[in-house]
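Structure first, then comments.
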Amino acid sequence: MANKKFKVKKGDQVMIIAGDDKGKTGEVLKVLTKNDAVIVAGCKLAKKAVKPSEENKDGGFENKEMPIHISNVKKVEA
């Protein structure tokens with residue numbers, strides 16, 4: 001299996017062209033080559049439950065960025 005090549009890499013500015021966050025722009029935090037997906041800062045947020053721990057005594061919920069398929073993002077020149 002050959003390595004996949006994407007035109008988008010970590011740190012690039014991208015615009016979301018499909019889905020609930022269509023039209024939003026943000027920085028790529030991570031590229032997931034196995035799933036053909038990227039994680040964009042501030043886009044496709046989901047509430048995730050967090051257990052209480054040493055740092056976070058109360059636990060509760062936090063917003064977390066979820067992966068977006070690479071075909072749904074477009075690189076934007078900064």
With a cap of 11 neighbouring Cβ atoms within 10 Å, and only residues DSSP puts in a loop, list the GluC sites (Glu not before Pro) found in the chain. 54, 55, 77
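With a cut-off of 8 Å between alpha carbons and a minimum separation of six or more residues, what is the relative contact order of the chain in percent? Intermediate results must be reported in sequence, preceding the final value.
Details: 142 pairs, mean separation 24.3, N = 78.
That works out to 31 percent.
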Write down the accessible area per residue of the chain in Å², having rolled a 1.4 Å probe over the full set of protein chains. 78 Å²
Show which aspartates and glutamates lie in cross-link reach of residue 22 when reach means a straight Cα distance below 20 angstrom and same-chain residues fewer than eight apart are skipped. 12, 36, 65, 77
Note down the net charge around residue 46, summing +1 for each Lys or Arg and -1 for each Asp or Glu among other residues with Cβ under 14 Å from its Cβ. 0
Taking every other residue with Cβ under 11 Å from the Cβ of residue 15 and scoring Lys and Arg +1, Asp and Glu -1, one gets +1
Working from the alpha-carbon coordinates of the chain, get Rg over Rh, Rh being the Kirkwood radius. 1.08
Can you compute the FRET efficiency between residue 10 and residue 51 using 1/(1 + (r/R0)^6), with r the Cβ-Cβ distance and R0 = 35 Å? Round to the nearest 0.05. 0.75
Give, rounded to the nearest 20 debye, the magnitude of the charge dipole that the chain has about its Cα centre when Lys and Arg contribute +1 at Cβ and Asp and Glu contribute -1 at Cβ. 380 debye
For the chain, with all protein chains present and a 1.4 Å probe, just round the carbon and sulfur fraction of the accessible area to a whole percent. 50 percent
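The values are calculated or read from the model by the stated rules, or taken from the named source; none is laboratory data. Since this is a predicted model, take the numbers as computed values, not measurements. Glycine gets a Cβ as well: all are built from the backbone with ideal geometry, and neighbour counts include every protein chain shown. With ligands, DNA and RNA removed, areas are computed over all heavy atoms of the protein, side chains included. Shrake-Rupley method; radii C 1.70, N 1.55, O 1.52, S 1.80 Å.
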